[in-house]
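See below for the structure under consideration.
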Amino acid sequence: MSEKELVRFEKRGAIGIITVDNPPVNALSPGVPEGILAAVEAGNADPAIKAMILTGAGRSFIAGADIREFGKGKPRPARKTQDVLEESEKPIVAAIHGFALGGGLEYALGCHYRVALKGTKVGLPEIALGLLPGGGGTQRLPRLIGPKKALDLITSGRHVPAEEAKQLGILDEVFDADLVGSAVRFAEGIADTRPFRRICELSDKLEADMKAEPGMFDAKRKEIARRARNQKAPYNNIAAVEASTTLPFAEGLKRERELFEELEKSEESRALRYAFFAEREAMRVPDIGKDVPVKKVETMAVVGAGTMGGGIAMSCADFGMPVRLLEASQEALDRGMARIRKNYEVSVQRGSLAADEMERRFARITPVIDYDDIADCDAVIEAVFEQMDVKKEVFAKLDATMKDGALLLTNTSALDVDEIASATKRPEAVAGAHFFSPANVMKMLEVVRGEKSSKETVASTMALGKAIGKVPVACGNCDGFVANRSRAPFNSEMVILLEEGCLPEQVDKVMIDFGYPMGPFAVGDLAGLDIGYAGRKRRADANPNYRKLPIADKLYEMGRYGQKTGAGWYRYEKGDRTPHPDPEVAKIIKETAAEMGVEQKTFTDQEILRRLLLSSVNEACRIIEEGIAYRASDIDIMWLYGFGFPRYRGGLMFWADQIGSRDVYNQIAAWHQQYGDRWKPSALLRQLAESGTPFREAKPPAK
Ligand code: T1G
């Protein structure tokens, strides 16, 4: 599109209207800044124009710089558009709807006034991309609302609703309707007001805040230290805001630019920008186009009020979806509803949920004990005991009960979706909807296509996942699907390392230092060692060569299930979830290793990290090779949202690319020599290594 089309300029009376029209979100792609500059120049040159409005066409104002353009080493414009807006001879009013984010809000801050439609959100979310507001936001926002509040908005990156933005002073007016008409009237009202309100000239809030809290920046650096470990962006964002309180405006802009450029070329920002697009790419299922009809799901049913069923019901209620929760007995139903209420009450006590909102959400969950009570629901998610015969019995009842066209979804974490579907006469309506525990917290949703799942069922389940705040990723059907199957070697390797001389706390420290919120052994204790045992037993029954894990089996047989029994890999004090290394476990490890005759050795942190992650990279290549995953970045999204893989490292396959497919192959081939079959390199890994193709470009073989 030429600049003229990307940006329109028209007159309404004495007001010039500059409209950005760059679907889908009016990103500041090449041509948009130039178009705005041309329009401002035209407005200032036209004596009939007294003031101007900057607004966006379509569903939003400007959602920020075009993220695709970063890292391309493009020359910087001589003059920043925000500065040209601010220096305009005639006042400019930003008229905002939808979103004004990042560079979009920075453009609005360059304007002299800002008005918005109710429901609008504004923010400077650059930190989520490993960047910082590089268009003057770290210098203007502190001058407008004070460095204290600006520091919170910029280091959190959160979206601020219009009403709050008005209270903060970011917005001057919030209109109920007719944004442009209201903005024109507003502009006519201020057209002759002098002096101009240029944010760069403000300083009173800088002085007041610094007087009140001179230590705010050091306090913020301390506050973020654990969450920000291994990252630069959080600290550069703080330093940029701090510069607004110590340097004159022009110097502050220069400092902001330096700090921004450090981040733009960082591995951390590349990884975060990759994750941003990978998450959206995952919504595109290769053989399901926009022509495939998507069922609107307005009422949900969940069968099973256990931990998972309750969490799934909460996910629906949290996003405004009425949901009926079905259990086999009133007693089990009451227990399930009580657990849900308790979960909500904990959020209210923590201050993360308002009490009235809790009641609204809780009221959306209707407990029922009869299948007829869910027959008219648009979709049902089965979340009963993880046993095939139990699930098939439920699906036979659902098949006999649910209205035509209902989605029949199973939350199974690994069982064969085709076999479950075979219990119905409508396998085309069946698919997996695998939530991750706790289901009301974890955003990952694995949408598993059965052999007979229709495209409409898959597309509708993906849309349903998005509607209840999940990050859906579609995949094929196999034992463990994609997430748990790719994770299985990691879960084995971490225990095998103990046989060779490691301790749980040593492995956990390596993974926490890498960026995980919790170590894998502590996670095992949280999930329950009995869950892991059941999965291992199923795999051992199915595969006589399955590598047993005697240390893990011993702990299970001793009744050490983890937090739920007060001891697992670690021991726990009553009422305290802190994991404490347990000499009893160290003894079991030593004895078992001796019985197995395993040679003991010491490990570097890198070797521990690579033993765990590369075992999964190898399996991920097999999953792609078999066409069970559509793309490597889908696996990355699953690891980010399903397993807490640190987002600033992009994901499992993005991280492996930092080593390179050739070096990964050589390492795995060496471990194959040393440890045997479980380290056999996958065929795809070998191909990638030979061709030097990055993991993130790995694709299933053409059908
Ligand atoms: N650049 C390029 N593409 C973008 C984009 C952006 N900023 N924002 C969205 N898209 C694409 C997205 O990939 C998808 O494409 C489509 O638009 C719809 O997005 C100098 C350095 C605005 C809240 O971080 O948060 O400004 O998949 O599916 O759910 O200081 O998009 O359809 O092909 O997410 O309604 C700062 C990022 C940039 C905002 C809308 N801005 N975007 O959510 O739609 S850095 C951001 C979002 C910057 C300056 C700095 C969301 C949204 P496709 P979507 P949505």
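Of all the C-alpha pairs in the chain, what % are more than 33 Å from each other?
More than 33 Å apart: 57 percent of the Cα pairs in the chain.
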Handout entry: Cα-based Rg and Dmax for the stretch 300-481, where Dmax is the largest Cα-Cα distance (Å)
Key = 15.3, 47
Fill in the blank from the handout: With +1 on the Cβ of every Lys and Arg and -1 on the Cβ of every Asp and Glu, the dipole magnitude of the stretch 627-674 about its Cα centre, in debye rounded to the nearest 20, is 60
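Quantify, in whole percent, the carbon and sulfur part of the accessible surface of the stretch 329-417 (1.4 Å probe; protein heavy atoms only).
Taking all protein chains in place, the stretch 329-417 shows 51 percent carbon and sulfur surface.
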Handout entry: Spin-label zone in the stretch 606-632 - amide nitrogen under 15 Å from a point set 7 Å from the Cα of residue 674 along the C-beta vector
Key = 606-615
Problem - Debye intensity ratio in log₁₀ form over the Cα atoms of the stretch 501-602, taken at each q of 0.10, 0.14, 0.15, 0.20 Å⁻¹ - result: -0.29, -0.57, -0.65, -1.11
Fill in the blank from the handout: Once both label points are put 7 Å beyond Cα along the C-beta direction, the residue 687-residue 204 separation in nm becomes 6.8
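Set the Förster distance to 56 Å, then compute FRET efficiency between residue 518 and residue 372 from the Cβ-Cβ distance, nearest 0.05. Display every interim value, and only then the final one.
Details: r = 43 Å, r/R0 = 0.77.
Rounded to the nearest 0.05, the efficiency is 0.85.
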Practice task
Go through 391/452; 90/166; 220/342; 149/466 and tell me which ones have a Cα-Cα distance over 26 Å in this structure.
Solution key: 220/342; 149/466
Handout entry: Sorted peptide list for 320-331, 89-100, criterion being average Cβ within 10 angstrom, highest first
Key = 89-100, 320-331
Handout entry: Accessible area of the stretch 300-481 divided out per residue, in Å², using a probe of 1.4 angstrom
Key = 39
Practice task
Along each of the three principal axes of the Cα atoms of the stretch 33-101, give the extent in whole Å, ordering the values from largest to smallest.
Solution key: 41, 30, 15
Handout entry: Mean-position separation - Cα centroids, the stretch 357-399 and the stretch 9-49, in angstrom
Key = 53
Problem - Packing rank of 58-68, 171-181, where each peptide gets the mean count of other beta carbons within 10 Å, highest leading - result: 58-68, 171-181
Completion exercise
Label model pair residue 586, residue 223: point-to-point distance (7 angstrom along the Cα→beta-carbon line) in nm is 3.9
Handout entry: Contour excess over end-to-end distance, with Cα ends at residue 307 and residue 527 and 0.36 nm allotted per residue
Key = 78.1 nm
Problem - For residue 366, distant residues with modelled amide H under 5 Å away - result: 323, 324, 325
Fill in the blank from the handout: The answer for the net charge of residues other than residue 171 whose Cβ lies under 12 angstrom from its Cβ, with Lys and Arg +1 and Asp and Glu -1, is 0
Handout entry: Mean Kyte hydropathy of -0.5 or more with a Cα span along the axis of at least 27 Å, helices from DSSP in the chain
Key = 605-625
Practice task
List the relative contact order of the chain as a percent without decimals, with contacts defined as Cα pairs under 8 Å and 6+ residues apart.
Solution key: 9
Fill in the blank from the handout: Averaged per residue, the 1.4 Å probe accessible area of the stretch 7-265, protein heavy atoms only, in Å², is roughly 42
Practice task
Mind listing the long-range amide H neighbours of residue 407? Cut-off is under 5 Å, sequence gap 5 or more, other chains count too, H placed in the peptide plane at 1.01 Å from N.
Solution key: 379, 380
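If you stretched the chain out fully between residue 595 and residue 509, how much longer would it get, using 0.36 nm times the residue separation minus the C-alpha to C-alpha distance?
Contour length minus Cα-Cα distance gives 28.3 nm.
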Practice task
Would you mind computing, in nm to one decimal, how far apart the modelled labels at residue 257 and residue 428 are, each placed 7 Å from Cα along Cα→Cβ?
Solution key: 6.1
Exercise for the section: Using only alpha carbon pairs under 8 Å that are at least six residues apart, calculate the relative contact order of the stretch 333-443 and give it in whole percent. Expected result: 20
Practice task
Treating only the Cβ atoms of Lys and Arg (+1) and Asp and Glu (-1) as charged, compute the dipole magnitude of the chain about its Cα centre; round to the nearest 20 debye.
Solution key: 600
Problem - Selection from 138, 122, 671, by position along the positive dipole direction of the chain (Cβ) - result: 138
Problem - Inter-part distance where the stretch 537-576 and the stretch 156-204 are each reduced to a Cα centre, Å - result: 59
Exercise for the section: Would you work out which of 100, 154, 248 lies farthest towards the positive end of the dipole of the stretch 7-265, given +1 charges on the beta-carbon of Lys and Arg and -1 on that of Asp and Glu, about the Cα centre? Expected result: 154
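Of the listed peptides 552-565, 571-584, 149-162, what is their order by residue-averaged count of other C-beta atoms within 10 Å, with the highest listed first?
Per-residue mean Cβ counts within 10 Å order the peptides as 149-162, 552-565, 571-584.
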Exercise for the section: Could you calculate the FRET efficiency of residue 574 with residue 349 from 1/(1 + (r/R0)^6), where r is the beta carbon distance between them and R0 is 22 Å, rounded to 0.05? Expected result: 0.60
Exercise for the section: Please provide three numbers in whole Å: the alpha-carbon extents of the stretch 156-238 along the principal axes, with the largest listed first. Expected result: 49, 28, 20
Completion exercise
If every Lys and Arg gets +1 and every Asp and Glu gets -1 at its Cβ, then about the Cα centre the stretch 353-447 yields a dipole, in debye to the nearest 20, of 180
Practice task
At 0.36 nm per residue, minus the direct Cα-Cα distance, what do residue 605 and residue 45 gain on full extension? Give it in nm, one decimal, please.
Solution key: 195.1 nm
Problem - Accessible heavy-atom area order of 120, 604, highest first, probe of 1.4 Å - result: 604, 120
Practice task
Compute the relative contact order of the stretch 501-602 as a whole-number percentage, counting only Cα pairs closer than 8 Å that sit 6 or more residues apart in sequence.
Solution key: 26
Practice task
Could you tell me which of 501, 540, 602 has its Cα farthest along the dipole of the stretch 501-602 towards the positive end, charges placed at Cβ (Lys, Arg +1; Asp, Glu -1), taken about the Cα centre?
Solution key: 540
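The values are calculated or read from the model by the stated rules, or taken from the named source; none is laboratory data. Treat the numbers as computed from the prediction; the structure is a model and nothing was measured. Using ideal geometry, Cβ is built from the backbone for each residue, glycine included, and neighbour counts are taken over all protein chains shown. With ligands, DNA and RNA removed, areas are computed over all heavy atoms of the protein, side chains included. Shrake-Rupley method; radii C 1.70, N 1.55, O 1.52, S 1.80 Å.
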